[in-house]
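Read-outs: derived from the displayed coordinates by stated rules, not from any lab. Because the structure is a prediction, the values reported are computed rather than measured. Counting neighbours? That spans all protein chains shown, and the Cβs are built from the backbone with ideal geometry, glycine included.
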Amino acid sequence: MAIDLEEILSSITAYSLPEHRDSPLVIRSAKELATAVDELVGAGNEYCSYMSVFVDDPAGVHSSYLGIGVDSDRGCGSILFQGEDGEYYSRGTDTDCIAVCYFDFGNERTFPGNSQIEIGKLKQALIEFYDGHFRRPATVKWQVWAGLEEDAGDVSNLHTSLIDPWSS
């Protein structure tokens, strides 16, 4: 039995670039979702390196959320999935880095240091998310992360962008 997308959602909206603040992207296909990531990567804007994707049910209630961070210079990014079964972060290669930050209109969005995956794999996960009726994609490894503790203690060994996001 085929699932009619119109029955399970009213809209998918994405916010990433300044022009989306008042006029979000309305996503109508998996390809449009992947293209939105390409646009974010292509913008190369450190101030806006994060995309929020909201999936609403027919009543207009958020049923799932994706937070997507991109590092244009390195060709990688991270995914945060929030849905009925909880909150998960993508899991990439282990690293000594405690956390990575992306910027959502200048606001820090912190992810685990090992959450970065290649942009191609990230886009494939988004296509699977869309085509899989907005469930957590199986093509990505996932992890639960409580975030940085409020008292980070000694930050001398952290990358400077985690201490001062505007430093080079």
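Less than 11 Å Cβ to Cβ from residue 124, Lys/Arg counted +1 and Asp/Glu -1: what total charge do the surrounding residues give? Please report the intermediate quantities before stating the final value.
Numbers: positive: 121, 123; negative: 118, 128, 131.
Surrounding charge for residue 124 is -1.
Could you tell me how far the Cα centroid of segment 107-133 sits from the Cα centroid of segment 41-69, in Å?
Cα centres, segment 41-69 to segment 107-133: 11 Å.
Using a simple charge model, +1 on the beta-carbon of Lys and Arg, -1 on the beta-carbon of Asp and Glu, nothing else, what dipole does segment 79-137 show about its Cα centre, in debye to the nearest 20? If you can, show how the numbers build up before the last one.
On the way: 6 positive and 10 negative charges, 28 e Å.
I would put it at about 140 debye.
How large is Rg over Rh for segment 63-146, taking Rg from the Cα atoms and Rh as the Kirkwood inverse mean of 1/r across Cα pairs? Could you put the intermediate results ahead of the total?
On the way: Rg = 12.1 Å, Rh = 12.8 Å.
With Rh from the inverse mean 1/r over Cα pairs, Rg/Rh is 0.94.
What are the extents of the Cα atoms of segment 5-161 along their three principal axes, in Å, largest first?
51, 32, 28
Along each of its three principal axes, how wide is the spread of alpha-carbon positions in segment 70-118, in whole angstrom units, largest first?
In descending order, the Cα extents are 33, 28, 19 Å.
Which order do the peptides 17-26, 130-139 take when ranked by the mean count of other beta-carbon atoms within 10 Å per residue, highest first?
Numbers: 17-26: 13.3, 130-139: 16.1.
Highest-to-lowest ranking by the protection proxy: 130-139, 17-26.
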